[in-house]
1. I'd like the residue in segment 9-30 that is closer than 16 Å to G137 by Cα and in contact with a helix residue (DSSP H, G or I) (Cβ under 8 Å, 6 or more places away or on another chain) and, out of all such residues, is farthest from the ligand (Cβ to nearest atom).
2. What pairs come up if the first residue lies in segment 128-144 and is more than 10 Å from the ligand (Cβ to nearest atom), the second is among the aromatic types (F, W, Y), and their beta carbons are under 6 Å apart, counting only those six or more places apart or on different chains?
3. Working only within segment 106-164, note down all residues that are open to solvent by 10 Å² or more (accessible area, probe 1.4 Å) and acidic (D, E).
4. Please work out which one of (1) open to solvent by 60 Å² or more (accessible area, probe 1.4 Å); (2) farther than 28 Å from L259 by Cβ; (3) within 16 Å of the ligand (Cβ to nearest atom) is the condition A73 fails and give its number.
5. Working carefully through the options L114, L119, L90, L76, find the one that is of a type in the set (A, V, I, L, M), at pLDDT 95 or above and under 18 Å from G302 (Cα atoms).
6. How about segment 68-88: which of its residues are hydrophobic (A, V, I, L, M, F, W, C) and either within 15 Å of T51 (Cα to Cα) or touching a Gly at 6+ places or on another chain (Cβ under 8 Å) (or both)?
Amino acid sequence: MSVTVRVPAKVNVQLGVGGLRADGFHDLTNVFFAVALGDEVTAGPGTEGVTLSCEGPGADQVPLDGHNLAAKAARLLAAHHGLPEPTVHLHIAKAIPVAGGMAGGSADGAAALLACDALWGLGTPRPALLELAAELGSDVPFALFGGVALGRGRGELLEALPVTGTFHWVFAVADGGLSTPAVFRECDRLREAAGLGSSDVDFPTPELSAALVDALAVGDPKALATALTNDLQPPAVSLRPSLQATLDTGLAAGALAALVSGSGPTCAFLAPDAATAERLAEALRTSGTCRDAHATYGPVPGATVL
Ligand code: C5P
């Protein structure tokens, strides 16, 4: 018997980064938005311990050892229930860009939690699953949660936000990834260089954007376009200046807005409708400013057993 879980990628429609905390994390005002671009994780019988396999674009860059969040999730869930080291095989079918700022690794961790929970018949209550997810990483709880949600703290304290209708997005995938800790460090460095200070004493956590909340609630893509912000965009572009050409290309091809997705290097473009999203993706694919581009939509639900 095996269990397959489908899990969405995310784009941050507001990523407000506060100062650096004493624990090495930054307080965030983080609005997550789940999109239909997703991975599938299948948990099935294994031979010895937790084993992994992976297929899809960038699969060769996915660690297949104990560092993979899916493997950590399986072990954490077993330990939480006082079970011995589990024997399970996890197969990851990847569509989410690897190390792309769309929480692909976090999504696989969330999917593995849910898949193992179902495979082992544990019935772990939702609040406990969300706590285990937060132990795995800041973005893992949202991959279970789905939809659109405000994340505070490290991003793990979630509250659903109301949304009307469907928004159309295009994601332009770059060659190679960007390291999330490196992008946060560059954010601190740029703030220091600008004389703003980078600690949580100097730098307050940004407020949730009321314009953004309204645009989502009424389902207005033009209003959402003007409200999108990502404090990690300047550091991501600073580390990877070529991203500016990708962003400019999407805007010139008719995107309502362009921004770096999370810590990058994937770039996100908001489109007025599905047909424009398809045209934009084609324009980006042929522009030579990215490796590939995908038209998709959201919001969609969080990790779901198929
Ligand atoms: O929680 P996660 O393992 O995804 O975080 C990866 C790294 O990103 C952290 O070690 C930290 O350097 C950085 N980070 C941060 N502030 C956050 C989330 C992540 O500085 N709120």
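The values are calculated or read from the model by the stated rules, or taken from the named source; none is laboratory data. In this text the structure is predicted, and so the values were computed from the model without any measurement. When we count neighbours, we look across all protein chains shown, and the Cβ atoms used for this are built from the backbone with ideal geometry, even at glycine. In case anyone asks, the SASA skips ligands and DNA or RNA and just uses the protein heavy atoms, side chains included. Shrake-Rupley method; radii C 1.70, N 1.55, O 1.52, S 1.80 Å.
1. If we take residues in segment 9-30 being closer than 16 Å to G137 by Cα and in contact with a helix residue (DSSP H, G or I) (Cβ under 8 Å, 6 or more places away or on another chain), then A9 is farthest from the ligand (Cβ to nearest atom).
2. Filtered contacts from segment 128-144: F142/F32.
3. Within segment 106-164, D117, E131, E135, D139, E156, E159 meet the criteria.
4. (1)
5. Numbers: L119 fails: under 18 Å from G302 (Cα atoms); L90 fails: under 18 Å from G302 (Cα atoms); L76 fails: under 18 Å from G302 (Cα atoms).
Result of the check over L114, L119, L90, L76: L114.
6. If the condition is that a residue be hydrophobic (A, V, I, L, M, F, W, C) and either within 15 Å of T51 (Cα to Cα) or touching a Gly at 6+ places or on another chain (Cβ under 8 Å) (or both), then L69, A70, A71, A73, A74, L76, A78, V88 are the ones that fit.
Per-residue answers, yes or no, for (1) out of contact with any helix residue (DSSP H, G or I) (no Cβ under 6 Å at 6 or more places or on another chain); (2) at positive phi:
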{"residue": "L69", "(1), (2)": "no, no"}
{"residue": "H89", "(1), (2)": "yes, no"}
{"residue": "A95", "(1), (2)": "yes, no"}
{"residue": "A99", "(1), (2)": "yes, yes"}
{"residue": "G104", "(1), (2)": "yes, no"}
{"residue": "A107", "(1), (2)": "no, no"}
